[in-house]
1. List the relative contact order of region 1-142 as a percent without decimals, with contacts defined as Cα pairs under 8 Å and 6+ residues apart.
2. May I ask for the distance between the Cα centers of region 61-93 and region 177-224, given as a whole number of Å?
3. Once amide H atoms are placed 1.01 Å from N in the peptide plane, what residues at a sequence separation of 5 or more from residue 214, or on another chain, have their amide H within under 5 Å of its amide H?
4. Got a sec? How would 75, 184 order by Cβ neighbour count within 10 Å, fewest to most?
5. How would you rank 129, 72, going from fewest to most other Cβ atoms within 10 Å of each one's own Cβ?
6. For residue 2, what residues show an amide H to amide H distance below 5 Å, using hydrogens built from the backbone and excluding near sequence neighbours?
7. With an 8 Å Cα cut-off and a minimum separation of 6 or more residues, compute the relative contact order for region 2-236 in percent.
8. Got a sec? Which residues in region 126-158 would a label at residue 226 touch, if it sits 7 Å along Cα→Cβ and we count backbone N under 12 Å?
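None of the figures in this text is laboratory data; all of them are computed from the coordinates on show. These numbers were taken from a predicted model, which means no experiment stands behind them. Heads up, the Cβs are rebuilt from the backbone with ideal geometry, glycines too, and the neighbour counts pull from every protein chain shown.
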Amino acid sequence: MIVLGSTSEIAQAFVEEALKQGEKFEKIYLITSNVETAERFARHIDVKFLQQAEVIGMDLMKEVDYNTFEQINSTLLFCAVGYLGEGTEEGLYDHKNTERIIDINYAKLVPVLNYFAQKFESRRSGTIIGLSSVAGDRGRQSNFIYGSAKAAFTAYLSGLRNYLSDKKVHVITIKPGFMATKMTEGLPLNPKLTASPDQAAECIFKAYKKKKNIVYVLPVWAIIMFIIRNIPEFIFKKLKL
């Protein structure tokens, strides 16, 4: 298994869920900018599941060395790369904040996924699971820079799924909604609309086995975002969302 953003709580929960469910991997490749944290997780799954893992450093804000990926051989990729950044009030006119949000969530992430997608295509097998966000379903004033990057990522996954469908490679788009993670720590999240990493991992693993296409971790978010997407623009632009 290839795990991009392998220090994400959702990514680590998914790895553990897959191993608990009896999935077998020759090796798990933990690709991250936070090597030290990933190495602790590698030791954890080695002790708990006797699963070999290799940590590979990758910082999307620097030049990616694709040579480090040449020997990777897998048919499952889990991408949990993401960066929330500052919301509109604090960070709209902070150019560095805007660039980092766009680069990490989309612009510099897509070439890496394309690299692995080509490997899967040449093998004519595999599954790519990408974590997007409900924030990408419609731009809202509170975080539309992040939302726009996730909208682009959602569109990318949709196109990639379409392109790879006849090449025996499946692409799944995951839209978690509110998640209780380090990235959202301190935000006033409604508990009824918030999932834990373990809940998300269980949902995503089931979607993987059933070859689903687009999955909202909590079904209520599909309803919420359907309503939000269909509010007329002359009303929507006056709302504080």
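1. Averaging sequence separation for qualifying contacts and normalising by length gives 25 percent for region 1-142.
2. Value for the Cα centre distance between the two parts: 20 Å.
3. Here 173 satisfy the definition.
4. Starting with the residue having the fewest Cβ neighbours, the order is 184, 75.
5. 72, 129
6. So residue 2 has HN proximity to 29, 76, 77, 78.
7. Relative contact order for region 2-236 comes out at 19 percent.
8. Counting backbone N atoms under 12 Å from the label point, the list is empty.
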